[in-house]
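Throughout, read-outs are computed from the coordinates displayed, never taken from laboratory work. Since the structure is predicted, the reported quantities are computational estimates derived from the model, not experimental observations. Don't worry about glycine lacking a Cβ; one is built from the backbone with ideal geometry, like all the others, and counts go over all protein chains shown.
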């Protein structure tokens with residue numbers, strides 16, 4: 001009887017130790033947040049296929065810095081830009097970071113952090129065929145589906161008669177322009193920079209806009225506690241110079 005009791009006590013002790021270890025491992029394990037993005041938006045998020053299949057870029061570096069500060073692990077899920085917010089609503093991703101502007105329409109279904117970067121929008125054409133926005137009249141303009149640039153095209157369409165055509169990916173827009181299937185495309189300046197450097201026949205003009213109309217922010221589900229958590233780290237990055245360092249890394253010193 002004493003031997004049986006000893007065996008039971010020893011077994012309970014082992015179970016207790018294993019349980020404690022298991023709890024320790026669980027508590028040490030970082031919470032995983034899935035970031036939804038569209039990895040065709042260089043230098044925000046893209047794949048340098050010559051080097052690896054890893055998604056890299058400005059947004060990725062910011063997300064990793066914030067995750068480290070808050071004790072999260074980030075996993076990235078690539079999809080078409082137009083489906084990002086829907087994927088977040090369906091809980092397929094935890095947040096969206098894709099150079100996304102927090103428009104009034106998007107704010108109906110998502111909460112956004114503070115703006116972390118502001119860029120400009122360009123009209124790009126071959127051989128300078130478009131010298132001013134008014135020159136787009138009667139022309140076909142390409143934009144990325146669901147993007148802020150699509151909204152810009154629709155604003156232009158209200159004042160100047162144009163035909164708008166959508167594509168899911170940025171490279172497709174440049175192919176359409178090169179092939180002459182569209183007369184112009186609207187792209188963010190930081191994204192267009194690399195293409196313009198390689199294609200000397202392409203020329204650009206800036207679309208005038210109010211200061212509060214542009215800027216990138218991170219989208220979260222409505223009521224998410226992480227919105228404010230991320231805001232605190234964004235503010236820290238802006239104050240300690242980390243954000244400026246990443247801007248210079250990915251966009252050069254021109255910003």
Return the whole-Å distance between the Cα centroid of the range 223-255 and the Cα centroid of the range 42-117.
14
Distance in nm between residue 129 and residue 197 label points, each 7 Å along Cα→Cβ, equals 2.6
Just the ratio, please: alpha-carbon radius of gyration of the chain over 2.2 N^0.38 Å, N its number of residues.
1.32
Top of 42, 77, 132 by mean-square fluctuation, Gaussian network on the chain, Cα under 10 Å:
132
Once both axes come from the Cα atoms, what is the angle between helix 226-240 and the longest principal axis of the chain, in degrees from 0 to 90, rounded to 10?
70
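Report the relative contact order of the range 121-211, percent, no decimals, based on alpha-carbon pairs under 8 angstrom and at least 6 residues apart.
46 percent.
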With a ≥ b ≥ c from the Cα gyration tensor eigenvalues, square-rooted, and the rule rounded for a/c under 1.5, otherwise prolate when a/b > b/c and oblate otherwise, the range 121-211 is rounded
Do the sum for the chain: with -39,500 (n - 2.57) for every DSSP H run of n ≥ 4, divided by all residues, what is the mean residue ellipticity at 222 nm, to the nearest 500 deg cm²/dmol?
-13000 deg cm²/dmol
Mind checking the angle between helix 170-179 and the chain's longest principal axis? C-alpha axes, 0 to 90 degrees, to the nearest 10.
20
Yeah, the range 63-187 with a ≥ b ≥ c from its alpha-carbon gyration tensor (a/c under 1.5 is rounded, else prolate when a/b outruns b/c, oblate otherwise) is prolate
Starting with the highest mean, order 230-240, 137-147 by the number of other Cβ atoms within 10 Å, averaged over the residues of each peptide.
137-147, 230-240
How far is helix 148-159 tilted off the main Cα axis of the chain, in degrees rounded to 10, range 0 to 90?
30
Cut-off 10 angstrom, C-alpha nodes, Gaussian network model of the chain. Which of 52, 216, 224 fluctuates the most?
52
Suppose a student asked you for the relative contact order of the chain, using Cα pairs under 8 Å spaced at least 6 residues apart; what percent would you report?
24
Percent of beta bridges antiparallel (DSSP, the chain, rounded to nearest 5):
55
